[in-house]
1. Looking at region B:1-53 only, could you name the residues that are among the charged types (D, E, K, R) and free of Cβ contacts under 8 Å to residues at least 24 places away in the same chain?
2. Would you please name the residue that is nearest to the chain's Cα centre (by Cα), looking only at residues in region B:10-28 that are more than 8 Å from DNA strand D (Cβ to nearest atom) and farther than 12 Å from residue B:77 by Cβ?
3. Here is a list: B:21, B:40. Which entry is in contact with a Lys or Arg (Cβ under 7 Å, 6 or more places away or on another chain) and at pLDDT below 95?
4. Taking the conditions exactly as written (at pLDDT 95 or above, touching a Leu at 6+ places or on another chain (Cβ under 9 Å) and not in a helix (DSSP H, G or I)), does residue B:61 satisfy them or not?
5. Which members of region A:1-49 meet the condition of being within 9 Å of DNA strand C (Cβ to nearest atom), within 11 Å of chain B (Cβ to nearest Cβ), surrounded by 19 or more Cβ atoms within 10 Å (Cβ to Cβ) and in a helix (DSSP H, G or I)?
6. Working only within region A:66-80, note down all residues that are loosely packed, with under 12 Cβ neighbours inside 10 Å and either touching a Lys or Arg at 6+ places or on another chain (Cβ under 6 Å) or part of a helix (DSSP H, G or I) (or both).
7. Condition (residue is assigned to a helix (DSSP H, G or I), small (Gly, Ala, Ser) and more than 10 Å from chain A (Cβ to nearest Cβ)) applied to region B:90-105: is it met by at least one residue?
2 protein chains.
Amino acid sequence: MDTSQLLKGVLDLAVLAVLRDADGYGYDVLRRLRAAGLEDVADASVYGTLRRLFAAGALTSYVQPSEEGPHRKYYGLNKTGRDLLAQSTKTWNHFADTMSVLLLEKEAA
Amino acid sequence: MDTSQLLKGVLDLAVLAVLRDADGYGYDVLRRLRAAGLEDVADASVYGTLRRLFAAGALTSYVQPSEEGPHRKYYGLNKTGRDLLAQSTKTWNHFADTMSVLLLEKEAA
DNA sequence: GAACAGTACTACACATTGCGGAGTACTGCG
DNA sequence: CGCAGTACTCCGCAATGTGTAGTACTGTTC
């Protein structure tokens with residue numbers, strides 16, 4: 001099955017979550033997400049999500065040169081981002097609980 | 001926050017789940033989903049999903065007249081639908097678990 | 001009985017968002 | 001030099017949930 005549709009609306013949350021502990025740049029965020037189990041995330045999706053979150057005012061951004069390759073554009077959570085993460089986490093948990101109940105086998109008559 | 005994006009790819013699963021126990025028509029499926037906690041689902045989304053699942057060969061369909069209003073188009077799971085439900089449930093559970101881990105506070109240093 | 005709410009469905013255009021592919025650019029290795 | 005790995009951007013596409021409008025039938029209310 002295709003997991004890409006499941007990511008809709010959740011990738012924001014996942015990106016915020018991996019940025020919670022430390023700032024990160026796009027390529028790094030991508031690796032963290034894949035390491036966390038979201039192996040099918042495409043790079044363009046992550047870059048796009050970071051830009052969107054930044055445009056929404058949830059992230060700070062600063063560029064740092066790297067000696068091992070091209071420059072890196074770091075992103076970090078600001079207050080808006082942390083609030084968004086907290087709120088989205090609640091929404092997600094509630095939604096996931098609702099789905100869990102719905103998916104329970106109603107064996108007992 | 002907007003829950004509509006969270007539904008992407010999951011509405012199929014939710015619809016299959018509510019049809020698991022008994023056949024139902026669109027308006028009825030909509031009520032069952034809302035009763036289950038998915039209160040923001042739009043009617044057009046449900047009708048569209050039912051048509052899509054039917055087109056994909058996962059549902060049977062038959063029309064029955066009603067004495068309390070217009071005709072009703074009933075849908076029911078066939079083998080393909082039950083298989084899809086089982087498979088999608090697994091995918092969803094795995095995905096939800098992954099997200100849960102990702103969202104855990106890493107308090108312990 | 002005309003108007004309206006509730007039921008039940010269809011069709012269309014639209015917004016969001018993840019993805020694929022192409023392109024740019026820098027470093028280091030063979 | 002060519003190629004892989006790193007790092008990012010841009011563009012167009014595809015999937016899918018939503019809003020709006022429209023059709024149609026039943027029962028209630030003024």
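1. B:2, B:8, B:21, B:31, B:32, B:34, B:39, B:43, B:51
2. Within region B:10-28, the match that is nearest to the chain's Cα centre (by Cα) is B:14.
3. The match here is B:21.
4. Yes; evaluated as a whole, the condition is true for this residue.
5. Those that are within 9 Å of DNA strand C (Cβ to nearest atom), within 11 Å of chain B (Cβ to nearest Cβ), surrounded by 19 or more Cβ atoms within 10 Å (Cβ to Cβ) and in a helix (DSSP H, G or I): A:6, A:7, A:11, A:12, A:13, A:14, A:15.
6. Listed by number, the residues that qualify are A:66, A:79.
7. No, there is no match, as no residue in region B:90-105 is assigned to a helix (DSSP H, G or I), small (Gly, Ala, Ser) and more than 10 Å from chain A (Cβ to nearest Cβ).
Yes or no, residue by residue, for (1) out of contact with any strand residue (DSSP E or B) (no Cβ under 9 Å at 6 or more places or on another chain); (2) at positive phi; (3) of a type in the set (A, V, I, L, M, F, W, C):
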residue	(1), (2), (3)
B:6	yes, no, yes
B:28	no, no, no
B:38	yes, no, yes
B:82	yes, no, no
B:96	yes, no, yes
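The values are calculated or read from the model by the stated rules, or taken from the named source; none is laboratory data. Treat the numbers as computed from the prediction; the structure is a model and nothing was measured. Counting neighbours? That spans all protein chains shown, and the Cβs are built from the backbone with ideal geometry, glycine included.
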